[in-house]
Structures are given as structure tokens and as C-alpha cells.
1. State all residues of the stretch 395-435 that are more than 17 Å from ASP184 (Cβ to Cβ), in contact with a strand residue (DSSP E or B) (Cβ under 9 Å, 6 or more places away or on another chain) and not in a strand (DSSP E or B); if no residue qualifies, say none.
2. Among the residues that make up the stretch 451-470, is at least one of them crowded, with 19+ Cβ neighbours inside 10 Å, more than 25 Å from VAL412 (Cβ to Cβ) and not hydrophobic (A, V, I, L, M, F, W, C)?
3. Looking at (1) exposed (fewer than 12 other Cβ atoms within 10 Å of the Cβ); (2) more than 19 Å from LEU253 (Cβ to Cβ), can you tell me which one LYS347 breaks?
4. Looking for whichever is touching a Gly at 6+ places or on another chain (Cβ under 8 Å), assigned to a loop (DSSP other than H, G, I, E, B) and not charged (D, E, K, R) here; the options are PRO216, PRO272, PRO222, PRO252. Which one fits?
5. Is it the case, given these coordinates, that TYR534 is in contact with a helix residue (DSSP H, G or I) (Cβ under 9 Å, 6 or more places away or on another chain) and either of a type in the set (A, V, I, L, M, F, W, C) or buried (at least 18 other Cβ atoms within 10 Å of the Cβ) (or both)?
6. Which condition number does TYR430 fail, the rest of (1) hydroxyl-bearing (Ser, Thr, Tyr); (2) under 20 Å from VAL509 (Cβ atoms); (3) within 24 Å of the chain's Cα centre (by Cα) being met?
7. Name the pairs whose Cβ atoms lie under 6 Å apart, with the first residue in the stretch 506-531 and over 13 Å from ILE487 (Cβ atoms), the second surrounded by fewer than 22 Cβ atoms within 10 Å (Cβ to Cβ) and of a type in the set (Phe, Trp, Tyr), and 6 or more positions between them or separate chains?
8. In the set LEU229, LEU241, LEU245, which member is assigned to a strand (DSSP E or B), modelled with pLDDT of 95 or more and not charged (D, E, K, R)?
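The values are calculated or read from the model by the stated rules, or taken from the named source; none is laboratory data. As the structure is a computational prediction, the values presented were derived from the model and not from experiment. Virtual Cβ from ideal backbone geometry, glycine too; neighbours counted across all protein chains shown.
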Amino acid sequence: MAQPITMSMPMLNGMGPLDFCMSGAILLSEVAHLIFLSIYPSIEAASFSIFKLETSYLKKSCEKMRQAIVLHFLVGILACSSVSYVEAEDAYRFLNWEVTYGEISPLGVKQRGILINGQFPGPTVNAVTNDNVIVNVINKLDEPLLITWNGVKQRKSSWQDGVLGTNCPIPPNSNWTYKMQMKDQIGTFTYFPSTLMHRAAGGFGGFNLLARSVIPVPYQKPYEEFTVLVSDWWEKDHKELQNILDSGAPFPLPDGILINGLPRSTSFSAIPGQTYLFRVSNVGLTTSINFRIQGHTLRLVEVEGSHTAQEVYESLDIHVGQSSSFLVTVDENPKDYFIVASTRFTKPIFTATAVLQLAGSRSPASGPLPNGPTYQLHWSMKQARTIRWNLTANAARPNPQGSFHYGTINVVRTLVLANSAEKINGRQRYSVNKVSYQNPETPLKLADYFNIPGVFTLNSIKDTPPAGPAVLGTSVIGTTLHDFIEIVFQNNENTMQSWHFDGYDFWTVGFGSGQWNSTLRRRFYNLVDATTRYTVQVYPNSWSAILVSLDNKGMWNLRSAIWPRRYLGQELYVRVWNDENSPYTEYDIPANEILCGKIKK
């Protein structure tokens, strides 16, 4: 609600013409200023400079003063009207989350789970492009906690990213409030705990960003939307899993697969003949999952904020950390159908089922489950290449996705990042270009902001894989704001990899087997209609290439989405920087920022 305007009238007794003129100027300027403030109270103080009249100008000429008053007042009124429109569009959504332990038994075995407001999985967040989402997180666990927002770009504000390189964790029995704007984003995202192995106990949920009403989406509005979270799951407590990793023992295979927290009992109600949007996200720790619906096809319309070319699939692979949205037109025959999620590239194959329940159905879901792929790597890679950008569709803003011609921009730097399994000091670790990441006590972002020495060194990791043994370190790559770079993820292991880049989406321009080679491999890049996304898979003994426009200043986590590997060092940070100290490029440190390490209150 706008605050009432209050102001004092200047005294006129004893004023000369110039004094009276100056008083009138100040009065009108204050009126405009206060009208502006009443409409948009959260604007930064610096933005009010258009209303401030310099005294030196006032004294020169009352006529000039009068003209300046009118000009500034009109500008102020125009600003008020435009900001009023923005304020009306950019809603605020306030969430209060209490994070606790609670008893759950998703696979039939009682265990300790992490709940948000008593829910497992956590509540689904639904917001609209440009909304301001304010989340007060109350940590009732016995360990420090952070929640990260997978795919939310946090424009100009890596302060809100919720990882240990940018934030001090929330201590037990304390709270911290995330203040995020969903700037120019649409699509399907998730959130989860980023600290330790908390993610293995829950605390995750869906985060959906809808398009503004003035921006059409490239498909007819579905009758309803469903948020579907698929994940691998372990019966062991998350601290026991963490102890396994700390001991250097191999991480075990999962005990099962879940769909929205259950292996079998989840159901989705539908009306025959209607079309539904399924937002499917893989929130697991280690395992790629294939998704399909008995008797139905999946029309892919979005991946991680990108509208796609709407290919139709019988089933689709969704790798760790990835999200995809499908349109499904329900069969006219009123019966129930199985929804199936099964693991990829594992032995044995784990399967979970849910049920699509049709109104008026008298036939429960039955018959054999629809077959899915198991270990066909080339099948998956070939499918990945069919996922293409819808060049004519609008994204979050009223311009076609293909209006930014990424394939014609000069690459200023190439990073080739190779993951590897290593033994360091006799313990199992994972590294990127022979550096296994260790979190310092002081978050990198805070150390950078306060110029604290000894926390990290820029470019402490090589641009290409070096020879020699792996070492422990704090890997930070220094880059320049607005650079356009190429990143190649080289996987020389016989394991599936998945990489996520906070603060960004990127063009997934190529997948291939063997070693990446700049001369040969770039010939096969998709430089026309590759999708943008925030998580990319890398197949065993293969490579994946992405192009990134570094348009978001900050300290950003580039990590393995395979959580045990990330816990044991397969991550780094990218510092995107310029020397301009301005809210136009990066917001200042939040007033509520938690301080720790070498920077304590």
C-alpha cells in the first residue's frame, strides 16, 4: 500500500523573488519526489537524483529555475507513471519456510528426512516472470544450512545464490531471508539444500516460473499443470552417506526411485481429452532417469527456461539436475495409465510408477509397463541432439528466442574442463583439471567484496587439463563481464556426468564421443537452434560443449550435479567481473548478509 504523502510548507515571510522562486522549486521537487516514493518506496536513494535541483542553478535565474522545475516535475510524474506500471507487474510473494527433521518412509523403511513446513518433498513455488520472491528460511536442523535455487539466475545478485562460495550458512535455530527477483525468466526449476549431504534427506521442491499475461507462449494453455519430481533414493541416513564419502569408500547404488516422494502411490487426476503440462525435474543425487506415460506421447515444449521445437517422444531421458516440460493430451478412453520413471546406465534398473487417473475411469492401470531404454548411450546422445530451440517463440520478453544470434559471436576464451577420480592423501576425491575444490571458511564472494587476502587466487585452475597429480585447492576462474566463452566438459571416465552453472543458462552446442578437438569437433556444433539450459549431461568417455554469454556479474558456482562428486571436490567458481561499482551491473551486499570466517560481526 502506498504511504501517505507528508510535507511541510516553506515559510514565505521575508522572502525575496529569488528566495520565493527557490522555495517553489524545492516545493515542486519535493512533491514529485514524494509522489514517486509513495508509489515505489523500495527504489534506491540514488534513483531520486532526477528530482534534486542543484542550488547553483537555482541562483542563476528564476526563469531558468522555473523551466527546470517544470521539466523535473514532468519527468518525475512520467517516472511515477512508468514505475507504477512496473510495480503493478512485479508482484511480491512472501514465503516462510521452517526446515526441520521428520520421520519419512518413502521406500517403506523409516528414516530421518528433511521437511519444509512439514512437507516431503517441499512446497512447490509458483511465480511469474519478474516477480519478487522473498523466502524466510528458518533452520531447525542441527547443522548449518543453505538452500540454492537451481536455474534461477539471480540477476546481478550472486548474494542470493545459496552456496558456500557466496553465502555463510544459516546456523541452527537461526533464519535468513532470501530476496530474489525472477528477472526475465520463465520455465521449470527446482530448489534444494546445497550444504553437506542434506540433499540426500529431502528439502527439495519444484520452482515454476510462468510467463506474464502479455507474453504469449507457443502452445495452447493446458487444462492444468503437474509438477513431477523424480529422484533416486537411499534408505541410509544422509549423515551415514556423508560418512561413507568421508571414509573414501565407494558411494552405494540407490535403493529405489521416487516420483514426488513415493515409489508407487503418487497419482495425477485428469479429464479424458484434455491436455496437461507435466513439469518433470530430476532432483536425485547420481542417476539419469527416463520418463514415459503408458499409452501416451510426450510433446516437449520447454527445457529449463527455453521453449523447444515441440518434438514428440515416446520417452525422454532427464539427467541429474535437469528439467523438462511436456504437453500430454489424455486419451478419450476413461481408464487409468501408468506413469513410469526408470534409471539409465545402471545395473540393476530401478523403476518407480505413478498413476494417471482419468475421471470416470472404471479400469485401474494395468498391463505391462511401457518399455524404456536401459544402457543405450548412443540412443540417449542421439535423442539429446533432437532437442532444439523454438526460434520464433517469445521467451520471458517480447522478442523471439532466435533474435540473439549466438552462432555468429566471436569466442574470446575456451575452457576445457576435465573431471577425474583421484586419490589425494589416501582418500577418494574428484577434481576438475587436477584441482579438487575445498570450501574456505570465508565465502569467496565476501572475501572478494571486503578484499580479504589469502582466501582465493584468481585463475588458480588451468584453462585446459594439465598433467601431473591432483591437488586440493580453491578453484576460481577470472572472467570479464560481457565476454562470450566456450566451455568444453571432457569426461574421460566410464561414468555419466552432469554439470550445472549457477547464474546462467547456456547454449548446448555439441555432444560427442572420445576426445574433444577444436579443429574437428567444432564443425559439428549446432550454431543455429541449440537450446539454452542450465545443466548439461556428459556421456561416458565423451565431451559436451556449451557457449556462454557472461552477462551476469558475480561469483558463480560451476559444479557437478552428481552430488557425491560435488561433495568431494568436483566444482569451481567463475568470477564474472568489471570495475564498475554500480547497481546497473551488480547489487550491493544485502543488509541482512550473514558474516563468517575472516569477516565476523
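1. Correct list: GLY407, ILE409, ASN410, VAL411, VAL412, ASN425, ASN433, LYS434.
2. No, the stretch 451-470 has no match at all.
3. (2)
4. On the way: PRO216 fails: touching a Gly at 6+ places or on another chain (Cβ under 8 Å); PRO222 fails: touching a Gly at 6+ places or on another chain (Cβ under 8 Å); PRO252 fails: touching a Gly at 6+ places or on another chain (Cβ under 8 Å).
Answer to the selection: PRO272.
5. no
6. (2)
7. Cβ pairs passing all conditions: none.
8. Selected residue: LEU229, the only one of LEU229, LEU241, LEU245 that is assigned to a strand (DSSP E or B), modelled with pLDDT of 95 or more and not charged (D, E, K, R).
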